[in-house]
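Written out below as structure tokens is the structure these notes cover.
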Amino acid sequence: MINTTVLSWVTFIYFAAFVFYLFRMVLGREFWGTVATWVARAGLAAHTAGLIIRWKASYDMGMGHAPMSNFYESLIFFAWTIALLYLLIEWRLKNRSIGVFVMPIAFLIMAYASIAPGINQRIEPLIPALQSNWLTSHVLTCFMGYAAFTVAFALGIMYLIKSAFSVRGFTPGMFIRLLPSEYQMDDLMYSSAVLGFIFLTLGIVTGSVWAHYAWGSYWSWDPKETWSLITWIVYAVMLHARLVRGWRGKRMAWMSIIGFACVLFTYLGVNLLPSLHSYMT
Amino acid sequence: MSRKKSGIWSFFSSVQLAIVLLSLIAFFALVGTLVPQREAAVEMAARVSPGLFSFLQKIQIFDLYHSVWFFLLMGLLAVNLAVCSLDRFPMAWRRFRMRPSAASQEIWKDISPADRFQAKAGLQEAAAAAERLLKKKYRTSMREDGTESVFLCARKGRFSLFGVYIVHLSILILIAGALIGSIFGVEAFVNITEGETADAVFIRGGERMILPFSVRCDKFTLELYDNGAPKTFQSDLTFLKDGKELHTEKLLVNHPVEFEGFRFYQSSYGAAPGGKATLELSRPGGKSDVVNVAAGYTFDLPGKEGTFEILKVEQNLMNMGPAVKVLVRSRGREETIFVFHHIDQIRQMNPGIIDQVPMFNPGLVRPYTFVLMGLEEKNYTGLQVSKDPGTPVVAFAAVLLVGGLMLILLSYARFVWVRVQLKGEGVDVSVAGRSYKNKAGLEKELQYLLAELKDNLERPA
Ligand code: HEM
């Protein structure tokens, strides 16, 4: 299928973008950064085209649904939201140093979707419970939230790396110097987490509305629901710890890492537990 | 703060407590996804000792989300939220009502050079330009004229001060709604065979609950994809009360039907036992008749020589496939006979069975011969029935929650000031601002104001 071919090319484009971002960080020449940005944008454009082709293909096959209905499609969509959000942030902040941490995540997700065994890439009809407009809004908001949390996670890692080097009194290398200032990273980490929190809230609300229609109750403590609640609480705690307890820097970085671990478990780990949401079955 | 705070009050208004409670709730929720809950707990019973199992059951670990512990944590969180919000609301209210004076002096104490510029313009001209700009951006502005200076002040976004309280209130309402649901709500299911009527549903654990009305499934329709997966299934339902048909509606997956506060959801389907069968009846030399039969029906035999009655229709009798039990009354004789669909296979598999069980012998009611042509496939529709009076409360809370979050994200409360002072030939224009959060955003806004003003004043008239 043409869409999976396009999407597997996107995987390589994202990898190239990552390599150029890395060149920029190691060689310290902004030229590589410009190249990286344009490669990443080209990747996002191809990615978008791939999603649209896949969407159209599902209509041509007579089942007509947004490409967000099985595990493969959700991975592809997740990577798309990450690339989109990252490029928006880069454009707004005029700062490219997050790219070297975020693009590899988008690349790894795409690669996993393309090569991991047991992932069904075919377009499949929707079972009745999934035939709802709430599916689209639910998946869209959840993944926008996940993408924002991914950015917060990348910043958390960057923060820890930078602070580890600055504490020991090394003369930091180019790579470390090109990272944004600790203050800036802390600020951005918090903003990303807030953005993610709002989208996750919307995701949980739309999911509840959908569950209300499809399964008869807005909340049934299904493992995926429960884990999304746990994730939501972790970020609520992070928010309060900062606003009221004044947590900053390293503690925030650790919170964004813990939060991201919960996101990953909500998304992937829960499939090990029996669930209504299981993409794997 | 004038109110003396008791120890309990300050305990419950602390955010540390909130962080501890939220973490505990997250931890409990996590345990609940690892330990099998409710019906699934049965498998645990087989794996641990009975003593341990009954202990675990007593501490409600198998129904964690409905346990005393969970209610307790939720209750504490609610008290924490309420007390904390009450504690802080007066401050937010004061901030909301605060009217700064335009000529407030301390604001200008440590103003950075980046926040001011000089221009060749008259005092009144510059002040008018500044006032126009503030009016455009903030709708209103306050002005105070001095002899050598003019002070202007505007504010924006003060309603966002309430965002946090709206969010917190929404959590309180959410908890209340969930509580209403768990006390007054009903979760049940019922299977109704096509054409039949149900007047009761089954609650968890198999307990029967009589409905204040009855439901009939008029028709069940199933559509499949080419690969055999279900595409849609739907039930045509009629709601009755005292035998009167009150309401008819189609029920589809994702499109529940509501009647008198009970919501019906299409959740499953299956093949129903019983139903109708097609029998062929013949006698030597005569023509054969095909009749549709169901349990309880009585028919005349050909030539009015007697009657036959259908006693039972079985989908699968003793693993020998579909069968119908028929009572034949003729010439003062009564015989009961089982008519099988697969009689030839049964004979082959169990030679001699007809001698052992005369009721299985098709020749028993000679001269008549019955043949079971087939059973009519009949489905039942599986309905989930629920009643949750807390749902509208929770929905309202969700709207508040999202609205409050938007208010916090999209706006923030700030004051901005502009001072225009005579200086030599021209004027000195400075800007300043105050906000509780988003200092970076405020600084950007001030720079924007400064650039606009500069632009206005330097542009030749
Ligand atoms: C799940 C429950 C909760 C949610 C979703 C929640 C949500 C929020 C949000 C979004 C903010 C950020 C406001 C802003 O950025 O201005 C906030 C701030 C705050 N929350 Fe909560 N909260 C919860 C529970 C609590 C509890 C139990 C307390 C009790 C002490 C509390 C106390 C506070 C305080 C003191 C602030 C800071 C307000 C300020 O900046 O003036 N929260 N909360």
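The values are calculated or read from the model by the stated rules, or taken from the named source; none is laboratory data. Fair warning: this is a prediction, and the values are worked out from it, not measured in the lab. All Cβ positions, even for glycine, are placed from backbone atoms using ideal geometry, and neighbour counts span all protein chains on display. Accessible surface areas use protein heavy atoms only, side chains included; no ligands, DNA or RNA. Shrake-Rupley method; radii C 1.70, N 1.55, O 1.52, S 1.80 Å.
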Would you be able to say whether some residue in the range B:63-76 is within 12 Å of the ligand (Cβ to nearest atom), open to solvent by less than 20 Å² (accessible area, probe 1.4 Å) and in the same structural domain as B:Ser14 (by TED's automatic domain parsing)? yes
Looking at the range B:182-195, can you tell me whether even one residue there is in contact with a helix residue (DSSP H, G or I) (Cβ under 7 Å, 6 or more places away or on another chain), away from the ligand (no atom under 16 Å from the Cβ), within 30 Å of B:Leu86 (Cβ to Cβ) and of a type outside the set (A, V, I, L, M, F, W, C)? yes
Quick one: in the range B:227-236, which of the residues that are within 11 Å of chain A (Cβ to nearest Cβ) and at pLDDT 75 or above is least open to solvent (accessible area, probe 1.4 Å)? B:Phe233
Taking the range B:199-219 and keeping residues open to solvent by less than 50 Å² (accessible area, probe 1.4 Å), within 14 Å of another protein chain (Cβ to nearest Cβ) and touching a residue at least 40 places away in the same chain (Cβ under 8 Å) leaves B:Val201
If you check B:Phe239 against the conditions, is it surrounded by 15 or more Cβ atoms within 10 Å (Cβ to Cβ) and within 14 Å of chain A (Cβ to nearest Cβ)? no
Condition first: within 14 Å of the ligand (Cβ to nearest atom), under 19 Å from A:Thr141 (Cβ atoms) and open to solvent by less than 30 Å² (accessible area, probe 1.4 Å). Can you find one or more residues in the range A:217-228 that meet it? yes
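To keep it simple, each residue is scored yes or no on (1) open to solvent by 20 Å² or more (accessible area, probe 1.4 Å); (2) within 16 Å of the ligand (Cβ to nearest atom); (3) part of a strand (DSSP E or B).
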site	(1), (2), (3)
B:Met359	yes, no, no
B:Thr381	no, no, yes
B:Val385	no, no, yes
B:Val399	yes, yes, no
B:Asp428	no, no, yes
B:Lys437	yes, yes, no
B:Leu446	no, no, no
B:Leu449	no, no, no
Of all the residues that make up the range B:143-164, how many are under 29 Å from B:Gly404 (Cα atoms), more than 9 Å from the ligand (Cβ to nearest atom) and open to solvent by 30 Å² or more (accessible area, probe 1.4 Å)? 5
Consider the range B:90-130. How many of its residues are within 16 Å of the ligand (Cβ to nearest atom) and crowded, with 17+ Cβ neighbours inside 10 Å? 1
Between residues in the range B:292-304 that are at positive phi and residues that are of a type in the set (A, V, I, L, M), which pairs lie under 9 Å by C-beta distance while being six or more apart or on different chains? B:Gly296/B:Ile310; B:Gly296/B:Leu311
Given the residues B:Ala29, B:Ala46, B:Ala40, which is the only one that is loosely packed, with under 12 Cβ neighbours inside 10 Å, within 31 Å of the chain's Cα centre (by Cα) and either within 30 Å of B:Arg204 (Cβ to Cβ) or not assigned by TED's automatic domain parsing to the domain that holds B:Met91 (or both)? B:Ala40
Quick check on my filter: what residues within the range A:245-254 are within 12 Å of chain B (Cβ to nearest Cβ) and either open to solvent by less than 60 Å² (accessible area, probe 1.4 Å) or in contact with a Pro (Cβ under 7 Å, 6 or more places away or on another chain) (or both)? A:Gly246
Please determine, by comparing only the residues of the range B:310-356 that are in a loop (DSSP other than H, G, I, E, B) and closer than 11 Å to B:Ala277 by Cβ, which one is least open to solvent (accessible area, probe 1.4 Å). B:Pro322
Does B:Ser170 fit the bill of being at pLDDT 90 or above, open to solvent by less than 50 Å² (accessible area, probe 1.4 Å), within 14 Å of chain A (Cβ to nearest Cβ) and in contact with a Phe, Trp or Tyr (Cβ under 6 Å, 6 or more places away or on another chain)? no
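Checking the structure you have, find out if any residue of the range A:130-137 is buried (at least 17 other Cβ atoms within 10 Å of the Cβ), modelled with pLDDT of 85 or more and farther than 22 Å from A:Met252 by Cα. Please lay out each step first, then the result.
Just the residues of the range A:130-137 that are buried (at least 17 other Cβ atoms within 10 Å of the Cβ), to begin with: A:130-132, A:134-135, A:137.
Among the residues that remain, those that are also modelled with pLDDT of 85 or more are: A:137.
Narrowing the set further to residues that are farther than 22 Å from A:Met252 by Cα leaves A:137.
Yes, there is a match, as at least one residue in the range A:130-137 is buried (at least 17 other Cβ atoms within 10 Å of the Cβ), modelled with pLDDT of 85 or more and farther than 22 Å from A:Met252 by Cα.
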Assuming B:Leu17 fulfils every condition listed in (1) at the interface with another protein chain (Cβ under 10 Å from one of its Cβ atoms); (2) open to solvent by less than 30 Å² (accessible area, probe 1.4 Å); (3) within 10 Å of the ligand (Cβ to nearest atom) apart from one, which condition is it? (1)
Conditions (1) farther than 30 Å from B:Lys444 by Cβ; (2) touching a residue at least 40 places away in the same chain (Cβ under 8 Å): number failed by A:Leu87: (1)
